[in-house]
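The values are calculated or read from the model by the stated rules, or taken from the named source; none is laboratory data. Here the structure is a predicted model, which is why all the values come from computation and not from measurement. No Cβ is skipped: glycine too gets one built from the backbone with ideal geometry, and neighbour counts run over all protein chains shown. Surface accessibility is based on the protein's heavy atoms, side chains included, excluding ligands, DNA and RNA. Shrake-Rupley method; radii C 1.70, N 1.55, O 1.52, S 1.80 Å.
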Amino acid sequence: VFVRVSSTVTGEMEADLDATVGGWLAAVVLADTEQPQDARDADVQIRKREMRQRLTPGGIRLIPEIESAEALAGLPGILRAVDRFGAVALSLDGLREDLRTGPRATALYDHAMADVGIAAHTARLPWLLNVEHHRPELAQMPARAHDFGAAGVTVQQEAAARGMNSLFTPDPTEVALARAILVEWEGVRARGEWAGVIAG
(Lines give C-alpha, C1' and ligand atoms only; values in the text may rest on other atoms or scores of the structure.)
Protein backbone atom coordinates (compact mmCIF):
# COMPACT_ATOMS: atom_id res chain seq x y z
CA VAL A 1 0.00 0.00 0.00
CA PHE A 2 1.23 3.48 -0.93
CA VAL A 3 -0.17 6.56 0.85
CA ARG A 4 0.06 10.12 -0.47
CA VAL A 5 0.62 12.61 2.37
CA SER A 6 0.47 16.39 2.51
CA SER A 7 3.56 18.41 1.72
CA THR A 8 5.86 19.61 4.49
CA VAL A 9 4.74 23.25 4.12
CA THR A 10 1.07 22.51 4.86
CA GLY A 11 1.64 21.57 8.50
CA GLU A 12 -0.47 18.45 7.91
CA MET A 13 2.24 15.94 7.01
CA GLU A 14 2.85 14.75 10.58
CA ALA A 15 -0.86 14.14 11.21
CA ASP A 16 -1.07 12.25 7.91
CA LEU A 17 1.88 10.08 8.95
CA ASP A 18 0.38 9.48 12.41
CA ALA A 19 -2.76 8.19 10.73
CA THR A 20 -1.05 5.98 8.14
CA VAL A 21 2.36 4.64 9.20
CA GLY A 22 2.20 0.97 10.13
CA GLY A 23 3.60 -2.41 9.21
CA TRP A 24 1.26 -2.63 6.23
CA LEU A 25 2.63 0.55 4.59
CA ALA A 26 5.10 0.07 1.73
CA ALA A 27 5.70 3.68 0.74
CA VAL A 28 4.81 7.31 1.39
CA VAL A 29 4.27 9.61 -1.59
CA LEU A 30 5.27 13.11 -0.46
CA ALA A 31 3.12 15.66 -2.27
CA ASP A 32 4.75 18.77 -3.70
CA THR A 33 8.37 17.91 -2.91
CA GLU A 34 10.17 21.12 -3.87
CA GLN A 35 13.65 20.85 -2.40
CA PRO A 36 16.03 18.43 -0.64
CA GLN A 37 14.97 19.66 2.82
CA ASP A 38 11.39 18.51 2.17
CA ALA A 39 12.67 14.97 1.68
CA ARG A 40 14.90 15.19 4.77
CA ASP A 41 12.00 16.40 6.92
CA ALA A 42 9.76 13.58 5.69
CA ASP A 43 12.52 11.02 6.24
CA VAL A 44 12.96 12.13 9.87
CA GLN A 45 9.23 12.01 10.56
CA ILE A 46 8.81 8.57 8.99
CA ARG A 47 11.83 7.25 10.92
CA LYS A 48 10.38 8.48 14.23
CA ARG A 49 7.17 6.56 13.58
CA GLU A 50 9.06 3.45 12.46
CA MET A 51 11.01 3.49 15.73
CA ARG A 52 7.88 4.02 17.85
CA GLN A 53 6.20 1.05 16.19
CA ARG A 54 9.37 -1.07 16.17
CA LEU A 55 9.38 -1.28 12.38
CA THR A 56 12.55 -1.84 10.37
CA PRO A 57 14.20 1.59 9.93
CA GLY A 58 14.01 2.60 6.29
CA GLY A 59 11.51 -0.13 5.48
CA ILE A 60 8.87 2.39 4.45
CA ARG A 61 10.06 3.90 1.20
CA LEU A 62 9.66 7.57 0.26
CA ILE A 63 8.44 8.72 -3.16
CA PRO A 64 8.89 12.44 -3.88
CA GLU A 65 6.12 13.82 -6.08
CA ILE A 66 7.44 16.46 -8.47
CA GLU A 67 4.77 19.07 -9.18
CA SER A 68 6.59 22.27 -10.17
CA ALA A 69 9.34 23.67 -12.36
CA GLU A 70 11.43 24.37 -9.25
CA ALA A 71 11.16 20.76 -8.12
CA LEU A 72 11.93 19.48 -11.60
CA ALA A 73 15.08 21.61 -11.80
CA GLY A 74 16.17 20.50 -8.32
CA LEU A 75 15.33 16.80 -8.67
CA PRO A 76 18.96 15.52 -8.79
CA GLY A 77 19.65 17.27 -5.47
CA ILE A 78 16.42 15.98 -3.97
CA LEU A 79 17.39 12.42 -4.88
CA ARG A 80 20.74 12.82 -3.11
CA ALA A 81 19.10 14.09 0.10
CA VAL A 82 18.11 10.76 1.73
CA ASP A 83 18.56 7.04 1.20
CA ARG A 84 14.88 6.12 1.68
CA PHE A 85 13.67 6.75 -1.87
CA GLY A 86 11.84 3.93 -3.61
CA ALA A 87 10.73 5.78 -6.77
CA VAL A 88 9.99 9.23 -8.18
CA ALA A 89 6.53 10.49 -9.16
CA LEU A 90 5.82 13.24 -11.68
CA SER A 91 2.48 15.04 -11.43
CA LEU A 92 1.53 16.49 -14.79
CA ASP A 93 -1.46 18.21 -13.21
CA GLY A 94 0.77 19.97 -10.67
CA LEU A 95 3.25 20.93 -13.36
CA ARG A 96 0.44 22.22 -15.60
CA GLU A 97 -0.90 24.39 -12.77
CA ASP A 98 2.55 25.68 -11.80
CA LEU A 99 3.46 26.67 -15.36
CA ARG A 100 -0.09 27.62 -16.42
CA THR A 101 0.25 25.66 -19.63
CA GLY A 102 -2.38 25.43 -22.33
CA PRO A 103 -3.68 22.47 -24.33
CA ARG A 104 -0.72 22.44 -26.75
CA ALA A 105 2.04 22.08 -24.16
CA THR A 106 2.75 18.42 -24.84
CA ALA A 107 6.37 19.18 -25.78
CA LEU A 108 6.86 20.64 -22.31
CA TYR A 109 5.42 17.49 -20.72
CA ASP A 110 7.76 15.38 -22.85
CA HIS A 111 10.66 17.50 -21.62
CA ALA A 112 9.57 17.03 -17.99
CA MET A 113 9.21 13.26 -18.42
CA ALA A 114 12.64 13.07 -20.04
CA ASP A 115 14.20 15.04 -17.16
CA VAL A 116 12.54 12.83 -14.53
CA GLY A 117 13.45 9.69 -16.47
CA ILE A 118 17.12 10.68 -16.63
CA ALA A 119 17.33 11.76 -12.97
CA ALA A 120 15.55 8.61 -11.78
CA HIS A 121 17.71 6.35 -13.93
CA THR A 122 20.87 8.04 -12.64
CA ALA A 123 19.68 7.37 -9.07
CA ARG A 124 18.73 3.77 -10.03
CA LEU A 125 15.07 4.40 -9.20
CA PRO A 126 11.87 3.69 -11.12
CA TRP A 127 9.57 6.60 -11.87
CA LEU A 128 5.84 6.91 -12.37
CA LEU A 129 3.40 9.40 -13.81
CA ASN A 130 0.44 10.90 -11.96
CA VAL A 131 -2.33 12.31 -14.17
CA GLU A 132 -5.58 13.15 -12.42
CA HIS A 133 -7.53 15.28 -14.87
CA HIS A 134 -9.05 13.82 -18.02
CA ARG A 135 -8.15 16.68 -20.34
CA PRO A 136 -7.89 15.74 -24.03
CA GLU A 137 -4.26 16.85 -24.26
CA LEU A 138 -3.30 14.48 -21.41
CA ALA A 139 -4.97 11.37 -22.83
CA GLN A 140 -1.79 10.15 -24.53
CA MET A 141 0.49 10.88 -21.59
CA PRO A 142 0.51 7.34 -20.10
CA ALA A 143 1.72 5.94 -23.43
CA ARG A 144 4.28 8.75 -23.70
CA ALA A 145 5.45 8.06 -20.14
CA HIS A 146 5.88 4.40 -21.08
CA ASP A 147 8.02 5.50 -24.04
CA PHE A 148 10.16 7.57 -21.66
CA GLY A 149 10.75 4.55 -19.41
CA ALA A 150 8.15 5.06 -16.67
CA ALA A 151 7.45 2.04 -14.49
CA GLY A 152 3.75 2.90 -14.28
CA VAL A 153 1.02 5.49 -13.95
CA THR A 154 -1.59 6.23 -11.32
CA VAL A 155 -5.22 5.62 -12.19
CA GLN A 156 -8.26 7.35 -10.74
CA GLN A 157 -10.88 4.80 -11.83
CA GLU A 158 -10.92 1.03 -11.64
CA ALA A 159 -11.86 0.83 -15.32
CA ALA A 160 -8.53 2.40 -16.32
CA ALA A 161 -6.44 -0.16 -14.44
CA ARG A 162 -6.74 -2.95 -17.02
CA GLY A 163 -5.50 -0.76 -19.86
CA MET A 164 -2.60 0.61 -17.83
CA ASN A 165 -1.64 -2.88 -16.63
CA SER A 166 -1.61 -4.04 -20.24
CA LEU A 167 0.54 -1.07 -21.30
CA PHE A 168 3.12 -1.60 -18.55
CA THR A 169 3.27 -5.41 -18.58
CA PRO A 170 6.52 -6.63 -20.17
CA ASP A 171 6.39 -8.56 -23.43
CA PRO A 172 5.95 -12.31 -22.69
CA THR A 173 9.04 -13.11 -24.79
CA GLU A 174 11.14 -10.75 -22.65
CA VAL A 175 9.80 -12.36 -19.48
CA ALA A 176 10.57 -15.89 -20.80
CA LEU A 177 14.10 -14.82 -21.75
CA ALA A 178 14.67 -13.22 -18.35
CA ARG A 179 13.53 -16.42 -16.62
CA ALA A 180 15.84 -18.50 -18.82
CA ILE A 181 18.75 -16.20 -17.94
CA LEU A 182 18.05 -16.65 -14.22
CA VAL A 183 17.91 -20.44 -14.55
CA GLU A 184 21.17 -20.51 -16.50
CA TRP A 185 22.83 -18.12 -14.04
CA GLU A 186 21.93 -20.38 -11.12
CA GLY A 187 23.36 -23.33 -13.06
CA VAL A 188 26.57 -21.44 -13.81
CA ARG A 189 26.98 -20.57 -10.13
CA ALA A 190 26.26 -24.14 -9.01
CA ARG A 191 28.90 -25.45 -11.42
CA GLY A 192 31.43 -22.84 -10.29
CA GLU A 193 31.77 -21.51 -13.82
CA TRP A 194 32.00 -17.94 -15.10
CA ALA A 195 29.94 -18.03 -18.29
CA GLY A 196 26.74 -19.54 -19.61
CA VAL A 197 24.77 -19.71 -22.86
CA ILE A 198 21.15 -18.71 -23.37
CA ALA A 199 19.25 -19.55 -26.57
CA GLY A 200 22.47 -20.28 -28.44
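Would you confirm whether or not the stretch 34-49 contains a residue that is within 16 Å of the chain's Cα centre (by Cα) and in a loop (DSSP other than H, G, I, E, B)? Looking for residues that are within 16 Å of the chain's Cα centre (by Cα) and in a loop (DSSP other than H, G, I, E, B), one finds at least one in the stretch 34-49, hence yes.
Before we move on, is Gly86 touching a Lys or Arg at 6+ places or on another chain (Cβ under 6 Å) and either surrounded by fewer than 21 Cβ atoms within 10 Å (Cβ to Cβ) or of a type outside the set (Asp, Glu) (or both)? Criteria met by Gly86. Looking at Ala81, Ala73, Ala69, just one residue is more than 12 Å from Thr33 (Cβ to Cβ) and open to solvent by less than 80 Å² (accessible area, probe 1.4 Å), and that residue is Ala69.
Within the stretch 102-117, the residues that satisfy the criterion of being farther than 28 Å from Ala26 by Cβ and assigned to a helix (DSSP H, G or I) are Thr106, Ala107, Leu108, Asp110, His111. Scanning the stretch 127-140 for residues that are assigned to a helix (DSSP H, G or I) and open to solvent by 40 Å² or more (accessible area, probe 1.4 Å) yields a total of 1. For residues that are open to solvent by 40 Å² or more (accessible area, probe 1.4 Å), outside any helix (DSSP H, G or I) and at negative phi, tally how many sit in the stretch 9-25. Final tally of qualifying residues: 3. Restricted to the stretch 76-101, and to residues there that are out of contact with any Ser or Thr (no Cβ under 9 Å at 6 or more places or on another chain) and assigned to a helix (DSSP H, G or I), the residue that is nearest to Ile118 (Cα to Cα) is Gly77. Could you say whether any residue in the stretch 150-168 is on the phi > 0 side of the Ramachandran plot and either surrounded by fewer than 14 Cβ atoms within 10 Å (Cβ to Cβ) or hydroxyl-bearing (Ser, Thr, Tyr) (or both)? The answer is no, given that none of the residues of the stretch 150-168 is on the phi > 0 side of the Ramachandran plot and either surrounded by fewer than 14 Cβ atoms within 10 Å (Cβ to Cβ) or hydroxyl-bearing (Ser, Thr, Tyr) (or both). Only one of these is closer than 25 Å to Phe85 by Cβ and either in a loop (DSSP other than H, G, I, E, B) or among the small types (Gly, Ala, Ser) (or both): Ala143, Ala120. Name it. Residue meeting the stated conditions: Ala120.
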